[in-house]
Structure formats: structure tokens, C-alpha cells
Amino acid sequence: MLARIWSASLIGIEALKVGVEVDVAGGLPGIVVVGLPDTAVQESKERVKTAIKNSGYSFPMRRIVINLTPADVRKEGPSFDLPISVGILAASEQVKADLLETHLFLGEVSLDGSLRPVAGVLAIAAAAKQLGFSGLVVPSDNVREAAVVKGLNVYGFKHLSEIGQFLNSPADYLPVQIDAKKELEQLQIAAPDLRDVKGQAHARRALEIAAAGGHNVVFVGPPGSGKTMLARRLPAILPPLSFEEALEVTQIHSVAGLLREKGALVAIRPFRSPHHSASGASLVGGGSYPRPGEISLAHRGILFLDELTEFKRDVLEFLRQPLEDGYVTISRTRQSVLFPARFTLVASTNPCPCGYYADTIQACTCSPRAREQYWAKLSGPLMDRIDLQVGVNRLKPEEITQQPNGEDSATVRSRVQSARDRAQRRFEGTSLRCNAEMQSVHLRQWCALDDATRTLLENAIRRLGLSVRASDRILKVARTIADLAGDETLQTHHVAEAIQYRTIDRMQ
């Protein structure tokens, strides 16, 4: 007998519907899997055979042919264990086939018949709804993740025998339902408080601007000046993820297999901090079957690169496209995969090899040539894409002991939220979410300059040798400064403040 059941395979973060056709016919006993299966799918033959027996069903001792369609797309991973198992049970008439056309099945099967979670369930659940399936059957550990998708009946089971009972008596089971928006609202922001930072008013101001406009920022200063401390407090002043943003982030983490311990949704903005020895592939993603890298895992959150100049130059150059476009494209012989990568880059670095150039406490021992070579590790196009370049000085002993703590994160976050709300009202009808995403057409519309302000900007471009991209980013930062101040139009002092954050573009 022939049975057909539906499953799905991931290509990047997109799901492709896969048909699993199982034919149980006469001939010598054996299992053949066709349709470009990888090693994990080929090995499912032995797992499925043992799991069916240990679940209380009989395994048909006949010739079994399993075809995975479409046949020209490579199928990978253990997620086809469950649909293959159910297909064999249906083809051998041990379970009813009534739900096989309307439900999609996904999961790994252990030898004892228990079901193990798989990656990418949220993306597959979203695709199942779009394709018109009425239900999705997954391991119980994946059920909360899949239930985030509304309008789809999601069922979670712990054992293959439970799925057999469900197929034979579906009326006895209810789909799992969760209120994802309510759960998202209840989760608290867990990040170090900005109140812990003493002094550093200039750097704190830059951090607030970065949060309000989604701008990239680099802190430059000697060891012990608080660069890393500042960077790690940025998440606490960012607005919480919206429900739509949480779905985007959760889908990427689900595909990467990082969601199993996080519940239904990733509710806190990601903060990724790869080591400076990270390879280009780990940063942008890749592999024979491309998976998201650090920059995609930081989508809608923060990518923190500590000791920026210690990263290999060719690795840093990989950042140029995603910083500009908000996505990264990974090309392979058979396919090209696009991963979203709309993140805020936060970096820190010393001003020179010894770390004490321009320090007020300790003298620098580096030659001008050494400083020049040090900064040559960072290309001009990369620095152009960093909106805020902030010098951070070490506090003097008396400042450490006598200066009071600054504002707490909640106070700053309220101003950031107000500025973002003002920007969102301006962006109504567009896909923009923050000022950093504006393009040239938006700058002409919302960043008009009077004669005095235009002259100021022209002089800055001339004296600092700024590129067109850098000048556009000055306008974006100025627009954010105006939003924080509650001003509808750009004024001279907004642009002047934005210009000061470009003064270490060519620091040597």
C-alpha cells in the first residue's frame, strides 16, 4: 500500500514543503530511501525500524521504498524520522491516514520511540500556515515554539505510540494554545544597569543616541576606561522587542538550534559577543548547509566586538554588506541563502598598541608609525559605517571615589522610547524602524538643512575628509539627536553634536 505524508526542510531560514511517500509492497525485506537524502536521513532507516517495534507496532517485513519530494533538493537532518515512521504505519494500515493530507509532521525519533526536538520548528510552522495546512505535529519539547503561530493547530507528543493514538482518535486531543504576546510582556529586561557607570557623560550620551537611533558605535580608550562596561549596558536602555521583532529573532534562533532552553519566544534583544579569534564563517554564517552566524543571531539586537583591532582585517570586512543592507547572502553551488542581519554594532578598542595614546594618566610609548599601522587594521569603508566614534578617558582616583552614579537605565530608556516613538510616527507607511535605516531619499525628506547648518556640514566634510556615506550618517545621527530633544526640524547644534562623533575617523 502507498501512503503520503507531509514534512518540511529548511533552506536558510525558509521552509520548503517536502512530501514523504512510503510504499510497502512485496519483495525481499528492506528499506530504500531516495530523493537526495543526506547521511542523517539515510540512518533514519535503522532508527525508525527499532522505534516502531519498541512502540508496540509491528514492522512490516516487506520491501519498503521511501521517496522524498521534490527529488532535486537535498534533504538533511533527523527531522524526517517522524514522518517516515508515520508513513510506514499508515502504509501498513496500523494507523488511519485521514489526517495525513491536512497535517504536517516533524521530529526525531529515538530507538525507544520517544520523540526528540529538532531545529527550525517556528519557521516550518509559519510555512505550514501559509501553505494551508490545518495542523502541525511535533515533539512536545517543540510545541510551545510552534504554537506561537496563530491559526494553526499544533499538537505535541512525547512518544511515537501517542501519535498513533492521535491519528486513530483525533477527537480525543486538543491543540496546544499559548498567549505569546502576554508572555512577551511579562518578561523583564535582564541587563546590567547604566547606573553603575560613574562619570563618562560624553560616552553615556553617545550610548543614548545609539539606542534611540539604532546607530553603530565604537568606544576608543585606554584599558580600564570602562569601554566594555558601557557596551554591556546598552541592552538595558533599548526598547523591548515588539511581537513582530520577537518572531523574527525567534525564527533565526530556532533555525540555529538555540531555542530549546528559551521557551516559546526570544523576548530579550540578542547580545552576541564573539571572540576576536572568530572566523569569517562563524561571523556571517555558512557551512555545507548554511546556518546563521553571529551577525544574524544578533538580528534586532547587538553585536559586540571587544578589542576590534584584534580581529583579522578580512573578517571585519565581512561586516560591510550587512551593516549597509541589513542582511547577508551566502552562496553555494546549489543554492544561495539570505539571512537577516539588522543589528547594532558596538565595538571597543585601544587607541594604540600600548593602549595609552592621549591618556591623561599614563604616557604612550608608541611611535607615530606604530599608531598608523595599528589603525590601518580598520579600513576606511568600515569606519564610515560606524556612526558614533567615541573617545573614553580613564577616571582619576578622586573621580572614582567621589563622583555619584549616573542616571539608571529605566530613566534613559524612557527618553529612548520617546525618541523612537517620534521616529515611528514619521516613518508611518514605510518599513523603517529606526533612524539608522534611513536611505538617501529619506534624508532629503526628513533632514533638510538651512544655509548656516549646510555650511557647517560642508566645512566638516572638507576638514575631516569625510565620504558621502559618512556625511549621510552624520545627518542620521543629527536626526536622532533632534528626536531626543523633541525637535521636528534639524538645527545647527544637532548637526554640530553629530559631527563631533566623527573626529577619530583617521586617528593615528
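The values are calculated or read from the model by the stated rules, or taken from the named source; none is laboratory data. Quantities reported herein were computed from a predicted structural model and do not represent experimental measurements. Reconstructed Cβ throughout: ideal geometry from the backbone, glycine too, with neighbour counts over all protein chains shown. All accessible areas refer to the heavy atoms of the entire protein, side chains included, with ligands and DNA or RNA removed. Shrake-Rupley method; radii C 1.70, N 1.55, O 1.52, S 1.80 Å.
Among the listed pairs Lys312/Lys377; Lys198/Lys396; Lys17/Lys181; Lys227/Lys396; Lys129/Lys150; Lys96/Lys150, a Cα-Cα separation exceeding 19 Å is found for Lys17/Lys181; Lys96/Lys150. Region 1-78 has equivalent-ellipsoid semi-axes of 23, 14, 11 Å, by the square roots of 5 times the alpha carbon gyration tensor eigenvalues, sorted largest first.
Just to be sure I follow: if Rg is taken over the C-alpha atoms of region 306-396 and Rh is the Kirkwood radius over the same atoms, what is Rg/Rh? The partial results should precede the final answer.
Values: Rg = 16.7 Å, Rh = 15.4 Å.
Looking at region 306-396, the ratio lands at 1.09.
For region 404-467, what ratio Rg/Rh do Cα atoms give with a Kirkwood hydrodynamic radius? Intermediate values should be presented prior to the final figure.
Values: Rg = 16.2 Å, Rh = 14.6 Å.
My calculation puts Rg/Rh at 1.11.
Under the Kirkwood approximation for Rh and a Cα-based Rg, what ratio Rg/Rh is obtained for region 41-155?
A ratio of 0.95.
Relative to a virtual label point 7 Å from the Cα of Glu488 in the Cα→beta-carbon direction, which members of region 437-467 show backbone nitrogen distances below 15 Å? Those under the cut-off are 446-448. For region 301-316, backbone phi angles converted through the Karplus equation (6.51, -1.76, 1.60; θ = phi - 60°) give residue-by-residue couplings of x, 10, 10, 9, 10, 7, 6, 4, 6, 7, 6, 5, 4, 5, 5, 5 Hz, Gly and Pro being listed as x. The string of couplings for region 212-219 from the Karplus curve (6.51, -1.76, 1.60, θ = phi - 60°) is 6, x, x, 8, 6, 9, 10, 9 Hz, one whole number per residue in order, with x for Gly and Pro. With a cut-off of 15 Å between beta carbons, the residues surrounding Gln94 carry a summed charge of +1, where Lys and Arg count +1 and Asp and Glu -1. Accessible area of Ile361 (1.4 Å probe, protein heavy atoms only, ligands and nucleic acids ignored): about 90 Å².
Give the peptides 273-284, 244-255 in descending order of average Cβ contacts within 10 Å, highest first. Provide the component values of the computation, followed by the final result.
Values: 273-284: 16.0, 244-255: 22.4.
Highest to lowest by the protection proxy: 244-255, 273-284.
The fraction of accessible area contributed by carbon and sulfur in region 246-303 is 51 percent, rounded to a whole number (1.4 Å probe; ligands and nucleic acids excluded).
In whole percent, and with a 1.4 Å probe on the protein chains, what portion of the accessible area of region 1-60 is carbon and sulfur?
Of all accessible area on region 1-60, carbon and sulfur atoms account for 55 percent.
At 1.4 Å probe size, with every protein chain present, just tell me what the per residue accessible area of region 295-343 comes to in Å². Walk me through the numbers before you get to the answer.
Details: 2110 Å² over 49 residues.
Heavy-atom accessible area per residue stands at 43 Å².
How big is the antiparallel share of DSSP beta bridges in region 213-350, given as a percent to the nearest 5?
Numbers: 7 of 17 bridges.
Bridges in region 213-350 are about 40 percent antiparallel.
Phi angles of region 249-255 translate, via the Karplus equation with coefficients 6.51, -1.76, 1.60 and θ = phi - 60°, into HN-Hα couplings of 5, 4, 5, 5, 5, 5, 4 Hz per residue; Gly and Pro are given as x.
Where the only charges are on Cβ atoms (+1 Lys, Arg; -1 Asp, Glu), what is the dipole of region 178-336 about its Cα centre, to the nearest 20 debye? All intermediate terms of the calculation are to be shown ahead of the outcome.
Values: 20 positive and 18 negative charges, 37 e Å.
With only Lys, Arg, Asp and Glu charged at Cβ, the dipole is about 180 debye.
For region 221-260, rounded, prolate or oblate, judged on the Cα gyration tensor with a ≥ b ≥ c (square roots of eigenvalues), a/c < 1.5 rounded, else prolate if a/b > b/c? Here region 221-260 falls in the oblate category. Magnitude of the charge dipole for the chain, about its Cα centre and with charges confined to Cβ atoms of Lys, Arg (+1) and Asp, Glu (-1), is about 680 debye.
Where does the chain land at 222 nm, in deg cm²/dmol rounded to the nearest 500, when only DSSP H runs of n ≥ 4 count, each adding -39500 (n - 2.57), divided by all residues? Intermediate results must be reported in sequence, preceding the final value.
On the way: 21 runs with 192 residues, N = 508.
Result for the chain, helices only: -10500 deg cm²/dmol.
Using a probe of 1.4 angstrom and keeping all protein chains present, the accessible surface of region 1-151 works out to 38 square angstrom per residue. Roughly what % of DSSP beta bridges within the chain run antiparallel, to the nearest 5? Bridges in the chain are about 50 percent antiparallel. On the basis of the beta-carbon distance and an R0 of 45 Å, Glu407 and Lys158 show a calculated FRET efficiency of 0.35.
A probe of 1.4 angstrom, applied to the heavy atoms of all protein chains, finds Phe318 with accessible area near 100 square angstrom.
Solvent-accessible surface of region 349-442, taken per residue with a 1.4 Å probe and all protein chains present: 50 Å².
Surface composition of region 80-125: carbon and sulfur atoms hold 47% of the protein heavy-atom accessible area at a 1.4 Å probe. Each DSSP beta bridge with both residues in region 12-149 is either parallel or antiparallel, and the antiparallel ones are about 50%. Taking amide H atoms as placed 1.01 Å from N in the peptide plane, the amide H of Ile11 lies under 5 Å from those of Leu16, each 5 or more residues away in sequence or on another chain. When peptides 171-182, 428-439, 472-483 are sorted by average Cβ neighbour count within 10 Å, with the highest value leading, the order is 472-483, 428-439, 171-182.
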